[in-house]
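The values are calculated or read from the model by the stated rules, or taken from the named source; none is laboratory data. Being a predicted model, the structure only gives us computed values, none of them experimental. Backbone-built Cβ (ideal geometry, glycine too); neighbour counts: all protein chains shown. Protein only, heavy atoms only, side chains kept; ligands, DNA and RNA dropped before computing areas. Shrake-Rupley method; radii C 1.70, N 1.55, O 1.52, S 1.80 Å.
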Amino acid sequence: MTRDLASHSPATFSHQELFQKIGVLKKEMNAIILAHYYTVPEIQQVADIVGDSLALARAAEKNDADVIVFAGVYFMAETAKILNPDKQVLMPDAHAGCPLADSCPADEFRKFKEQHPGSIVITYINSTAEIKALSDITCTSSNVEHIIRQIPENQQIIFGPDRNLGAYIAKKFNREMALWQGYCYVHDDFSEEYMLKVCSEQPDAELIAHPECQEEVLRHAVFVGSTKALLDYTVSSSCRKFIVATEPGILYEMQRRSPGKLFLPAPKALDNHRGVCTQMKQNTLAKLYQCMVNRKPEIVVEETLRLEALGSIRRMLQMSPG
Ligand code: 13P
Ligand code: SF4
């Protein structure tokens with residue numbers, strides 16, 4: 001018996017049925033599915049490309065698809081649309097926002113810029129199109145170090161919206177930077193106290209951390225890097241056990257790449273509550289299928305704003321390592 005959409009909600013389909021239906025739609029629509037490492041495993045399984053923010057921006061820039069289905073958070077899909085005005089960009093759930101991006105309103109950021117005249121504005125990709133339009137260069141945690149090295153030493157820098165990533169870079173490169181005081185609740189909530197406790201309980205494990213964590217946590221890490229850099233580190237390290245201080249969605253790919261190693265999500269509290277990004281988890285397989293059937297929610301970016309935001313994204317892609 002075949003099921004049809006009219007009588008069945010996607011929520012009643014099994015993962016296998018949804019994989020098959022999404023595969024058929026993908027061909028019919030000439031669509032590409034991009035997913036961030038923090039999404040649930042079944043989304044990562046159905047995606048054509050799974051990556052961090054930089055890899056996904058690059059994939060959005062260079063593909064032959066007519067439709068981009070973006071399973072991530074809003075600023076990621078918005079960046080894909082800014083790069084592809086002629087393609088349809090869909091999201092499984094357009095309410096999947098990023099509180100870090102939302103913590104930096106354009107009118108306040110404009111005033112912040114006015115307080116630091118002559119500064120170059122380097123902005124984390126976790127920001128709205130309006131903030132990108134006010135910026136000189138966009139960056140991600142994968143390419144920020146490469147980009148900072150290209151900025152003359154006497155050049156003042158404004159960095160936003162993530163204060164922890166900004167402070168990490170300012171310290172590492174001994175650069176004075178005016179930092180917007182935003183943060184990612186997922187990474188900022190990891191505490192030094194709980195991290196030291198789990199490290200003492202697991203003396204044979206290496207602590208690795210994303211630079212969106214606070215300095216108090218980063219200083220205990222054996223390795224600090226973007227989501228992709230952390231993944232690569234776990235593959236190349238001879239260590240067999242890792243305490244991973246970032247969003248635990250990446251553990252799926254870490255485990256897949258290194259089946260013999262053990263990955264422990266870093267605890268946020270003594271009850272071992274994990275640092276989960278609830279916005280990323282709003283992407284479900286059923287919603288992904290439904291957005292392809294309905295061709296919505298669709299991302300729309302007003303053309304003047306798109307062109308203003310495009311410059312800082314293009315500069316990032318030009319300044320990134322090959
Ligand atoms: P990366 O994917 O660039 O590591 O960024 C982490 C993040 O918080 C994405 O929202
Ligand atoms: Fe935003 Fe943090 Fe979630 Fe990334 S993990 S989308 S920065 S809230």
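A few points about this structure:
- Residue check for Lys268: among the basic types (Lys, Arg), touching a residue at least 12 places away in the same chain (Cβ under 8 Å) and surrounded by 15 or more Cβ atoms within 10 Å (Cβ to Cβ): yes
- Selection of first residues in the range 138-153 that are aromatic (Phe, Trp, Tyr) and of second residues that are at pLDDT below 95 and away from ligand 2 (no atom under 16 Å from the Cβ), restricted to Cβ pairs under 6 Å at least 6 apart or on distinct chains, gives an empty result.
- The set of residues from the range 233-249 being more than 16 Å from ligand 2 (Cβ to nearest atom) and either in contact (Cβ under 8 Å) with a residue 40 or more places away in the chain or touching a Gly at 6+ places or on another chain (Cβ under 8 Å) (or both) comprises Tyr233, Arg240, Ile243.
- Residue in the range 141-159 that is in contact with a strand residue (DSSP E or B) (Cβ under 9 Å, 6 or more places away or on another chain), in a loop (DSSP other than H, G, I, E, B) and farther than 19 Å from Asn174 by Cα present: no
- For the range 219-237, the set of residues classified as in a loop (DSSP other than H, G, I, E, B) and buried (at least 17 other Cβ atoms within 10 Å of the Cβ) consists of Ala221, Gly225, Ser226, listed by residue number.
- Qualifying positions in the range 271-296 - assigned to a loop (DSSP other than H, G, I, E, B), in contact with a strand residue (DSSP E or B) (Cβ under 7 Å, 6 or more places away or on another chain) and crowded, with 16+ Cβ neighbours inside 10 Å: Asn283
- Residue check for Ala170: small (Gly, Ala, Ser), assigned to a helix (DSSP H, G or I), buried (at least 17 other Cβ atoms within 10 Å of the Cβ) and away from ligand 1 (no atom under 16 Å from the Cβ): yes
- Test: Ile43 is hydrophobic (A, V, I, L, M, F, W, C), within 16 Å of the chain's Cα centre (by Cα) and open to solvent by 40 Å² or more (accessible area, probe 1.4 Å): no
- All positions within the range 46-58 that are within 17 Å of Cys98 (Cα to Cα) and open to solvent by 20 Å² or more (accessible area, probe 1.4 Å): Ser53
- Of all residues making up the range 22-40, the number that are open to solvent by 40 Å² or more (accessible area, probe 1.4 Å) and either within 16 Å of ligand 1 (Cβ to nearest atom) or in contact (Cβ under 8 Å) with a residue 60 or more places away in the chain (or both): 1
- Gly160 meets each of the listed conditions (1) under 23 Å from Tyr38 (Cβ atoms); (2) more than 13 Å from ligand 1 (Cβ to nearest atom); (3) at pLDDT below 95 apart from (3).
- Failed item in (1) assigned to a strand (DSSP E or B); (2) closer than 25 Å to Lys281 by Cα, with Ala178 passing the rest: (2)
- Filter result (surrounded by fewer than 23 Cβ atoms within 10 Å (Cβ to Cβ), touching a residue at least 60 places away in the same chain (Cβ under 8 Å) and under 22 Å from the mean Cα position of the chain (by Cα)) within the range 185-218: Tyr185, Asp189, Ser191
- The set of residues in the range 78-137 that are over 21 Å from the mean Cα position of the chain (by Cα) and buried (at least 21 other Cβ atoms within 10 Å of the Cβ) contains only Phe109.
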